[in-house]
Amino acid sequence: MIGNGLDWTGIDDVLLDMDGTLLDRDFDNFFFEEELPRRYATLHRIAEPAARERLFALYRSVEGELAWTDLHHWTRTLGIDVVAMTRELSDRIGYLPGVEAFLGAMRAKRKRMTVLTNAHADGVVIKCRKTGVDKKVDRIVNAFEVGCLKMRPDYWPACQKLVGFDPGRALYIDDDEACLAAAQAFGIRHIYHSAKSSTKLPAHPSSRFTPVENLQDLVS
């Protein structure tokens, strides 16, 4: 089992991605890949495939920048209130299997848990209201507080200064390999890839980082 090789006595900080690691990425996939293009098509009176193609090009144009996850940027760019839309569809927000048990186990082990998310603060608030994840961890840090996204090399020293963790005694889990690579380069000792980021899609285990499909496996 994965968890049997993990020495928890050498870990003080558990750093956790939010969407695709703690929360089911199915919400975000549906939101940005299906529903938002559909509403954009209706608003601008164009075909859905054309709307999807246009939006995906816009997403790619700012990928890796703060604008990529800035809900207000997308509201201005698309002419759709993306924050209100997130609230409207919030019933689709939920945990991935095993996450709540894992967080409870971390609390029992007295590990400091910090959620490090690229998500915009307004989206984080909505997801916290729906799931209560903020009550299960010690802190949530969004990328806008740090000043850049997690795949950027500058993120990690700035995040360390903000949060105050020892990279050699930290564990980090994320479904984004670019974010994991940046964390590894910074010196985070324990790195795991969230291989099952959506309940609606098959697992996609990383070949570069140790994959885990259910976080509960780390404490079994």
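Tabulated results
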| item | result |
| --- | --- |
| Residue satisfying condition, being at pLDDT 95 or above, in a loop (DSSP other than H, G, I, E, B) and not aromatic (Phe, Trp, Tyr), within set Ile80, Ile140, Ile126 | Ile80 |
| Residue within the stretch 144-154 that is on the phi < 0 side of the Ramachandran plot, in a helix (DSSP H, G or I) and surrounded by 15 or more Cβ atoms within 10 Å (Cβ to Cβ) present | yes |
| Residue tally, condition assigned to a strand (DSSP E or B) and either in contact with a Phe, Trp or Tyr (Cβ under 6 Å, 6 or more places away or on another chain) or within 15 Å of Gly98 (Cα to Cα) (or both), over the stretch 191-210 | 4 |
| Some residue of the stretch 23-46 being under 15 Å from the mean Cα position of the chain (by Cα) and among the aliphatic types (A, V, I, L, M) | yes |
| Only one of Ala170, Ala108, Ala158 that is small (Gly, Ala, Ser), surrounded by 17 or more Cβ atoms within 10 Å (Cβ to Cβ) and at pLDDT 95 or above | Ala170 |
| Boolean, Ile188 is touching a Leu at 6+ places or on another chain (Cβ under 9 Å) and either part of a strand (DSSP E or B) or among the aliphatic types (A, V, I, L, M) (or both) | yes |
| Matching residues in the stretch 166-190 - criterion: being over 21 Å from Val99 (Cβ atoms) and among the aromatic types (Phe, Trp, Tyr) | Phe186 |
| Count - residues of the stretch 155-174 that are part of a helix (DSSP H, G or I) and not small (Gly, Ala, Ser) | 10 |
| Checklist (1) surrounded by fewer than 16 Cβ atoms within 10 Å (Cβ to Cβ); (2) at pLDDT below 95; (3) not hydroxyl-bearing (Ser, Thr, Tyr) applied to Arg189, failing item | (2) |
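The rows are residues; the columns are (1) out of contact with any His (no Cβ under 7 Å at 6 or more places or on another chain); (2) of a type in the set (A, V, I, L, M, F, W, C).
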position: Asp7; (1), (2): yes, no
position: Asp17; (1), (2): yes, no
position: Thr21; (1), (2): yes, no
position: Leu36; (1), (2): yes, yes
position: Ala47; (1), (2): yes, yes
position: Leu71; (1), (2): no, yes
position: Ser90; (1), (2): yes, no
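The rows are residues; the columns are (1) in contact with a helix residue (DSSP H, G or I) (Cβ under 9 Å, 6 or more places away or on another chain); (2) in contact (Cβ under 8 Å) with a residue 60 or more places away in the chain; (3) over 16 Å from Ile93 (Cβ atoms).
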| site | (1), (2), (3) |
| --- | --- |
| Gly123 | yes, no, no |
| Val133 | yes, yes, no |
| Ala143 | yes, yes, yes |
| Pro153 | yes, no, yes |
| Asp166 | yes, yes, yes |
| Arg169 | yes, yes, yes |
| Ile173 | yes, yes, yes |
| Gly187 | yes, no, yes |
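The values are calculated or read from the model by the stated rules, or taken from the named source; none is laboratory data. Worth saying up front: this structure is predicted, and the values here are computed from it rather than measured. Quick reminder, even Gly has a Cβ in these numbers, built from the backbone with ideal geometry, and neighbours come from all protein chains shown.
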